[in-house]
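The values are calculated or read from the model by the stated rules, or taken from the named source; none is laboratory data. Everything numeric in this text was worked out from a predicted model, so none of it was measured. Here Cβ is always computed from backbone atoms with ideal geometry, including for glycine, and neighbour counts include all displayed protein chains. Note: areas computed on protein heavy atoms with side chains; ligands, DNA, RNA excluded. Shrake-Rupley method; radii C 1.70, N 1.55, O 1.52, S 1.80 Å.
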Amino acid sequence: MIEASGIEKSFGQLKVLKGVDIVVNKGEVVSIVGASGAGKSTFLQILGTLLTPDKGSVSINGKNLSGLSSGQLADFRNREIGFVFQAHHLLPEFTAKENVMMPALIAGETFASSSKRALQLLDEVGLAERASHKPSELSGGEQQRVAVARAIMNNPSVLFADEPSGNLDSRTKEEIHGLFFKLREHYGQTILIVTHDSGLAAMCDRALEMKDGKFV
């Protein structure tokens, strides 16, 4: 489902990634661990088409992403990739349901069908009764659940998560961690998670350690 080869990335004189390879099979949940500054988030952003590598190639779901225009990448990203970040990045002026609907509306789905699926997903993550609440009216864990629902709104092939429970208390962390595996069970998503949380890494099918821009 995910294949990357020879990924290199520098920022100025700092070489962050030094020829990284990865293969993740369909339906796998894989974590990437390592110290801060090892290159984990940069690598995840390259796989998610948010950054362009200096060298190397990325394929997702059989599609080689090299050479695609910015518009083509944006369309591919909206259809095939879901993102969950440490900060939930919800739009404060919209309700939970409206935030979840956004990817589908961007993809050209009707308001009615988008609304119906958003409510289904909010129910799936345990927030059916909070659909009309704005982010300021939700707890941190509830906001992250909305972000997870939004990430899978278009039923993407791949879900990328960057420290998804980094801002949460221990009980809420466990709930969010369990949610990823529930989604894999229900929707068959392939999930790649960057985390410092050893408990989450241990739950995954594989844990890969990155050090100084390479897997070790």
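Gain in length, E174 to K15, computed as 0.36 nm per residue apart minus the alpha-carbon separation, to one decimal in nm?
53.8 nm
With every atom except the alpha carbons ignored, what do you get for Rg and Dmax of segment 67-189, in angstroms?
Rg, Dmax (Cα atoms, Å): 13.9, 44.
Can you work out the FRET efficiency for the pair H133 and A74, with r the C-beta to C-beta distance and R0 = 35 Å, to the nearest 0.05?
0.75
Can you give the net charge of the other residues whose Cβ lies under 12 Å from the Cβ of R184, counting K and R as +1 and D and E as -1?
Local net charge: -1.
For the peptides 142-152, 124-134, what is the packing order when you average, over each peptide's residues, the other Cβ atoms within 10 Å and list the highest mean first?
142-152, 124-134
So for segment 1-72, if I pair up every lysine 8 or more residues apart or on another chain, how many of those pairs have alpha-carbons under 15 Å apart?
8
How high is the FRET efficiency between S198 and A112 when r is their beta carbon distance and R₀ equals 35 Å, given to the nearest 0.05?
0.20
Modelling each spin label as a point 7 Å along the Cα-to-Cβ direction, I'd like the T52/N64 distance in nm, to one decimal.
The two pseudo-label positions are separated by 1.7 nm.
Accessible area per residue for the chain in Å², computed with a 1.4 Å probe and the full protein assembly in place, what is it?
About 47 Å² of surface per residue is accessible.
Please report, in debye to the nearest 20, how large the charge dipole of segment 13-86 is about its Cα centre when each Lys and Arg carries +1 at its beta carbon and each Asp and Glu carries -1 there.
About 100 debye.
Counting only protein heavy atoms and using a 1.4 Å probe, what share of the accessible area of segment 18-156 belongs to carbon plus sulfur, as a whole percent?
Its accessible area is 51 percent carbon and sulfur atoms.
So what's segment 1-67 giving for Rg/Rh, alpha carbon basis, Kirkwood Rh from the mean inverse pair distance?
Using Cα coordinates only, the ratio equals 0.95.
Per 5 Å bin, what percent of the C-alpha pairs of the chain does each bin hold, from zero upward?
1, 7, 16, 19, 20, 16, 12, 7, 3, 0, 0
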